[in-house]
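Asker: Quick one: the structure is below, questions incoming.
The values are calculated or read from the model by the stated rules, or taken from the named source; none is laboratory data. Keep in mind the model is a prediction, meaning the values are calculated, not measured. Cβ coordinates were reconstructed from backbone atoms using ideal geometry, including for glycine residues, and neighbour counts include every protein chain displayed.
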Amino acid sequence: MLDRVRIKDHWGEQRIFTTRSIVAGAIVAALLLAVASRLFYLQVLRHDYYAELSQGNRVRIDPIPPSRGLILDRNGVVLAENLPAFQLELVREQVGPQAQVDASLARLVDIGLLDAEEIGAIRRTLLSHHVYESVPIKLQLNDEEMARFAVHRHEFTGIDIRARLSRHYPLGAFAVHALGYVAAISEQDLKRIDATDYAGTTLIGKLGVEGAYEEELHGTAGYREVLVNAAGRPVLRQGAFTPKLETQQPVAGADLILSIDARVQRAAEEGLAGLRGAVVAIDPRSGDVIALASTPEFDPNGFARGLSNKQYDELQNDADKPLINRALRGAYPPGSTVKPFYALAALRYGVMTPERTIFCPGYFTLPGSTHLFRDWKKTGHGLISMRGAIAQSCDVYFYNVAERLGIDRMHEFMSAFGFGDATGIDIPGEKPGLMPSAEWKRRTYKRAADQVWFAGETISVGIGQGYMLATPLQLAHATAVMAARGRSFKPRLVTGVRAPGSNLVTRRAAVPEKTVSEVTADEWNVIIEGMEEVTAPGGTAGREMIGTPYKVAGKTGSAQVFTIGQNEKYNEKELSERMLDHALFVSFAPAEDPRLAVAVFVENGRHGASTAAPIARKLFDAYLLPDRPASQVGTP
Amino acid sequence: MIYDEFSPSRTRRTLTAGGRTLRALGLDGPLTGVLALIVSIGVLVVYSASGQNLRMVEHHLMNIAVAVTALIAIAKFATPQYLRILSPFAYLIGVLLIIVVDVTGHIGKGAQRWLDLGLIRFQPSEIMKLAVPMMCAWYMQERPLPPNFRDLSMMALLIAIPTALVVIQPDLGTALLIAASGLIVMLLAGLAVRIMLISIPLLGAAAWAAWHFVHDYQRQRVLMFLNPQSDPLGAGYHIIQSQIAIGSGGVFGKGYMNGSQAQLEFLPERSTDFIFAVIGEEFGLLGQLLVLALYGFVIARALYMAMQGQDTFARLTGGAIALGFFVYVFVNSGMVSGILPVVGVPLPLISYGGTSMVTLLAGFGILMSLHSHRKLIGS
């Protein structure tokens, strides 16, 4: 009712509206200006910042892994190469919905290409990738598996066989302890490598040449700029345009040329077949390692393709320890093989002359002691001179030598041949062995009573027993120094590096080490003559070297695993196989102009002459008689 | 005197065939021209923003055809008398349809905004953007201005009912636009300044209450607006990617169909709510300023036409259409450029989407009808 009383003032109402509209228009203008200012701020003042964010959004850098360098023997035989490995890969979005993916996986189990237990892990892997990514679901298909998939291929969409480059060792386990292997990059590896250079690479060198020369073999990764959309999917076009994107090609790794001679390596591995042991052969003129074998071996291809936990445990827990490189890591008592070196020391320090004889009754006692140091020959060698003592391996002669030299002079002289210290070979994992001294014992033991060096301990070291330990590599190196009459070179496996994709080989010079001096030519002659007598009729290895067209200088040895008591007799038959003596043989040939020094070590091989020397002969034959048919060299 | 004011333009119109057509259809020349320009720009941008999806462009053109038909039909045939009579019916039917949508949505256990009529689907809430201001204007048409307290309360109720029904859908953006269109009528009707001042703390209290009432995701949006970096992959993603698109466009833009943010789908909702960022990325600052200038012209021209209204209903309805259009522009461009929170409001006449295109052009049809059907004083 009240409304009726109010009067409509048309002109007044129009005025109100006009005023209000004009005010509203001003507010509209002010707010539009505020938006425009904001746009100016974003597009002009902050343009660079947002342009960079936009670029980071659209371009992804995809690494291109380099191809790993090859490894060749000294004659060009390929020891490690890269081959396409075939694997089964699945693209989820091509297969269809998840139910279809599950059905396809189940079908793969049915036809025996996948294990039912693997399915869970495969599903998780698939789900952690984008739907458009090609995900490997089975690695390293063999021919039979590829054929089986081919038969059923029509049943699958979005699943196919793809080839990827993988490391391959064409000769299998051949020279594996020299080559090492490649395996998946571990957490520890990540700490020492440049992650960007390994983006896209899945394998890295472990141990051996593969490990030591990782930097040379790996090469330099390249990259490819990829246009991606918000889902991360690579796309070619950005709206109506194809943008220009950069690609940097990778640089392949360098090829390595080894000092290894596949023929000699083959001889070494054939010699060790079925045994646990190691052989190292060195060219005394350069330090080149011509053969380096340790048995049992293992197939490095397994590591490149990825071992299952079970397979790895089997290797790791094998009683014969195939993963251990006995040539570098097996530190054993060198036994009688060190006698020539002590004989040389005796001449050098003037405690013996070549012609002076010593009476060997079959045992030795220190003055004021009743402890018997037995000779290996119970009846004794009778009167014996230096050459004869080497040839017959007379223990009593060398007990006398050791007593006269004393442990510190023995330590000093043997160190010059590399005993007690790593040789510095160019692959990792080497053990230093042990060349004891009075000072060493003081340093090593805590209790005062244990720190005293006893005279009796010197006597044991005199026949390469007691505290003394050496690796097969050290023995080969020392033998090479003996063969070269004191000239010493650091042992090495890699002699040249070939630039990727060319024939340009950079040779690496031999690395000379400190020469064994203060030994006269006559003194060298005496020892080498003694070693020649070892392989001559009547020597300890006389029967094993009959009929060689070259003259071999050598020394047999055996090292006790099991210590027998003072009044016990050593009875081979009563000892279990693993308690038997280790067999050793060091040698070089031709004796007058040595080209190859070989150390052979056979675990529980009992006799250096009968077990180890024939293996050395195989190596000499392979190296010095190249015309002999080498039917198996370089073939897997 | 007023007759003189009209005569020059009338002379001009008689000069061209186009002018004669416009006049015959009851359309305003300058406004129609600029609207056509904006819609054309929209077609081009939708083609680029949709990733060159011709089906979407086709659909967009069909929406435009429907909307233009509505504009012309309303401008020609919906005379002010009809509009006045229709206003309360449109309002009532609109509210009922929203209730229907709310109830079916509740049963369907999800956000429900659409009404499916088989052939066409539309959002009844969109009708309310026009029906609410028209209802308010209808309510005020015979009452003296400025409105007294009782009138204001009545209008507040007329606004609050549909707004609340849309908020619970939940569709904050549309609710905001409905409320704004009604409030504009109250302001233009002469709402006293002292009441505005008093209502500010009341609105604050209402906002506080609303904070506890709205859905979690809407609260999230406001928080993200305040600090988008706190959740770059979640709710903050829209704002960050939108600003990257605009900022990386620079002054001249990356070029038509070459905006990496839009073309590679880093920009979400690129054809709809965030299409203004596509314009910024591909045409740069200049492109966006041009679009804002065109909008500015439309608002100014519409306000001018509203001012020429001869009665309260015409003036208030026209003013609400003009300023409602501005609210659309400001909320969307402010959201896309990061000065307002993300609310689902499309860029008027450019974003892909049929309902808003039809309501907006229908609104301009009403404005033009009110304008062209004026009685000449003295005739």
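Asker: Under the condition of being in contact with a helix residue (DSSP H, G or I) (Cβ under 9 Å, 6 or more places away or on another chain) and under 24 Å from residue A:303 (Cβ atoms), which residue from the range A:85-133 is surrounded by the most Cβ atoms within 10 Å (Cβ to Cβ)?
Answerer: In this case the residue turns out to be A:88.
Asker: Taking the range A:313-342 as the region of interest, how many residues are of a type in the set (S, T, N, Q) and within 17 Å of residue A:422 (Cα to Cα)?
Answerer: Residues that pass the stated criteria total 1.
Asker: Same structure, new question: Before we move on, is residue B:343 more than 10 Å from every other protein chain (Cβ to nearest Cβ), of a type in the set (A, V, I, L, M) and more than 30 Å from residue A:59 (Cβ to Cβ)?
Answerer: Judged against the criteria, residue B:343 is a match.
Each row is one residue, and each column tells you yes or no for (1) at pLDDT 90 or above; (2) not in a helix (DSSP H, G or I).
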residue: A:460; (1), (2): yes, no
residue: A:463; (1), (2): yes, yes
residue: A:467; (1), (2): yes, yes
residue: A:497; (1), (2): yes, yes
residue: A:501; (1), (2): no, yes
residue: A:516; (1), (2): no, yes
residue: A:530; (1), (2): yes, no
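Asker: Inspect the range B:281-302 for any residue being facing chain A (nearest Cβ under 7 Å), among the hydrophobic types (A, V, I, L, M, F, W, C) and more than 25 Å from residue B:177 (Cβ to Cβ) and give the result as yes or no.
Answerer: Yes, some residue in the range B:281-302 is facing chain A (nearest Cβ under 7 Å), among the hydrophobic types (A, V, I, L, M, F, W, C) and more than 25 Å from residue B:177 (Cβ to Cβ).
Asker: Quick check: anything in the range B:269-277 at the interface with chain A (Cβ under 7 Å from one of its Cβ atoms) and either crowded, with 20+ Cβ neighbours inside 10 Å or modelled with pLDDT under 95 (or both)?
Answerer: No, because not a single residue in the range B:269-277 is at the interface with chain A (Cβ under 7 Å from one of its Cβ atoms) and either crowded, with 20+ Cβ neighbours inside 10 Å or modelled with pLDDT under 95 (or both).
Asker: Scan the range A:122-140 and tell me whether some residue there is within 16 Å of residue A:305 (Cβ to Cβ), part of a loop (DSSP other than H, G, I, E, B) and in the same structural domain as residue A:202 (by TED's automatic domain parsing).
Answerer: yes
Asker: Checking the conditions here, which among B:24, B:17, B:70 is at pLDDT 90 or above and small (Gly, Ala, Ser)?
Answerer: B:70
Asker: Filter the range A:189-220 for residues that are at pLDDT below 90, among the hydroxyl-bearing types (Ser, Thr, Tyr) and assigned to a loop (DSSP other than H, G, I, E, B) and give the result.
Answerer: A:201, A:202 - these are the residues of the range A:189-220 that are at pLDDT below 90, among the hydroxyl-bearing types (Ser, Thr, Tyr) and assigned to a loop (DSSP other than H, G, I, E, B).
Asker: Of the numbered conditions (1) assigned to a helix (DSSP H, G or I); (2) in contact with a Gly (Cβ under 7 Å, 6 or more places away or on another chain); (3) of a type outside the set (Val, Ile, Thr); (4) away from every other protein chain (no Cβ under 14 Å), residue A:100 fails exactly one; give the number of that condition.
Answerer: In the conditions (1) assigned to a helix (DSSP H, G or I); (2) in contact with a Gly (Cβ under 7 Å, 6 or more places away or on another chain); (3) of a type outside the set (Val, Ile, Thr); (4) away from every other protein chain (no Cβ under 14 Å), residue A:100 misses (2) alone.
Asker: Taking only the range A:169-196 into account, find how many residues are touching a residue at least 60 places away in the same chain (Cβ under 8 Å) and either crowded, with 19+ Cβ neighbours inside 10 Å or under 22 Å from residue A:63 (Cα atoms) (or both).
Answerer: The number of residues fulfilling the criteria is 15.
Asker: Filter the range A:124-146 down to residues that are in contact (Cβ under 8 Å) with a residue 24 or more places away in the chain and at negative phi, then give me how many there are.
Answerer: Residues flagged as in contact (Cβ under 8 Å) with a residue 24 or more places away in the chain and at negative phi within the range A:124-146 amount to 15.
Asker: On to the next question. Looking only at the range A:161-188, count how many residues are touching a helix residue (DSSP H, G or I) at 6+ places or on another chain (Cβ under 8 Å) and assigned to a strand (DSSP E or B).
Answerer: Total satisfying the criteria: 7.
Asker: Looking only at helices (runs of 4 or more DSSP H) that lie completely in the range A:1-74, which have at least 3 residues being at the interface with another protein chain (Cβ under 7 Å from one of its Cβ atoms) and not charged (D, E, K, R)?
Answerer: In the range A:1-74, the matching helices (runs of 4 or more DSSP H) lie at A:10-40, A:47-58.
Asker: Taking the range A:490-546 as the search range and keeping residues that are under 30 Å from residue A:609 (Cα atoms) and under 27 Å from the mean Cα position of the chain (by Cα), which one is surrounded by the fewest Cβ atoms within 10 Å (Cβ to Cβ)?
Answerer: A:490
Asker: Quick one: residue B:214 ticks every box in (1) modelled with pLDDT under 80; (2) among the β-branched types (Val, Ile, Thr); (3) exposed (fewer than 15 other Cβ atoms within 10 Å of the Cβ) except a single one, so which number is it?
Answerer: It is condition (3) that residue B:214 fails.
Asker: A follow-up question, please. Just name the residue that is farthest from residue A:232 (Cα to Cα) out of those in the range B:240-268 that are surrounded by fewer than 24 Cβ atoms within 10 Å (Cβ to Cβ), hydrophobic (A, V, I, L, M, F, W, C) and more than 7 Å from every other protein chain (Cβ to nearest Cβ).
Answerer: Ranking the qualifying residues of the range B:240-268, first place goes to B:252.
Asker: Now, a different point. Counting just the residues of the range A:231-242 that are touching a residue at least 24 places away in the same chain (Cβ under 8 Å) and in a loop (DSSP other than H, G, I, E, B), which one comes out farthest from residue A:78 (Cα to Cα)?
Answerer: Looking at residues that are touching a residue at least 24 places away in the same chain (Cβ under 8 Å) and in a loop (DSSP other than H, G, I, E, B), I get A:231.
Asker: Return the only residue of A:203, A:227 being within 12 Å of residue A:182 (Cβ to Cβ) and in contact (Cβ under 8 Å) with a residue 60 or more places away in the chain.
Answerer: Step by step, each of A:203, A:227 is checked, and only A:203 is within 12 Å of residue A:182 (Cβ to Cβ) and in contact (Cβ under 8 Å) with a residue 60 or more places away in the chain.
Asker: Working only within the range B:322-379, note down all residues that are touching a Gly at 6+ places or on another chain (Cβ under 6 Å) and closer than 13 Å to residue B:173 by Cα.
Answerer: Result: B:340, B:343, B:344, B:345, B:346.
Asker: Just to be sure before I move on: is residue B:320 under 30 Å from residue B:84 (Cα atoms), in contact (Cβ under 8 Å) with a residue 12 or more places away in the chain and either more than 9 Å from chain A (Cβ to nearest Cβ) or part of a loop (DSSP other than H, G, I, E, B) (or both) in the structure I sent?
Answerer: So residue B:320 fits the description; yes.
Asker: Could I ask something else about it? Taking the condition of being under 23 Å from residue A:470 (Cβ atoms) and touching a residue at least 60 places away in the same chain (Cβ under 8 Å), how many residues in the range A:546-563 meet it?
Answerer: 9
Asker: Within the range B:356-371, work out how many residues are surrounded by fewer than 24 Cβ atoms within 10 Å (Cβ to Cβ) and modelled with pLDDT under 90.
Answerer: Counting residues in the range B:356-371 that are surrounded by fewer than 24 Cβ atoms within 10 Å (Cβ to Cβ) and modelled with pLDDT under 90 gives 0.
Asker: In the range A:393-430, which residues are surrounded by fewer than 17 Cβ atoms within 10 Å (Cβ to Cβ) and assigned to a helix (DSSP H, G or I)?
Answerer: Residues satisfying the conditions are A:404, A:408, A:412, A:415.
Asker: What pairs come up if the first residue lies in the range A:354-377 and is closer than 19 Å to residue A:530 by Cα and β-branched (Val, Ile, Thr), the second is part of a loop (DSSP other than H, G, I, E, B) and at pLDDT 90 or above, and their beta carbons are under 6 Å apart, counting only those six or more places apart or on different chains?
Answerer: That search, which allows pairs on different chains as well, returns A:357/A:385.
Asker: Would you pick out the residues in the range A:353-378 that are within 18 Å of residue A:463 (Cβ to Cβ), among the polar types (S, T, N, Q) and at pLDDT 90 or above?
Answerer: A:365
Asker: Go through the range B:303-317 residue by residue and tally those that are more than 9 Å from every other protein chain (Cβ to nearest Cβ) and among the aliphatic types (A, V, I, L, M).
Answerer: 2
Condition check ((1) closer than 27 Å to residue A:82 by Cβ; (2) buried (at least 23 other Cβ atoms within 10 Å of the Cβ); (3) not assigned by TED's automatic domain parsing to the domain that holds residue A:420) across all residues:
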site	(1), (2), (3)
A:307	yes, no, no
A:317	no, no, no
A:322	yes, no, no
A:330	no, yes, no
A:348	no, no, no
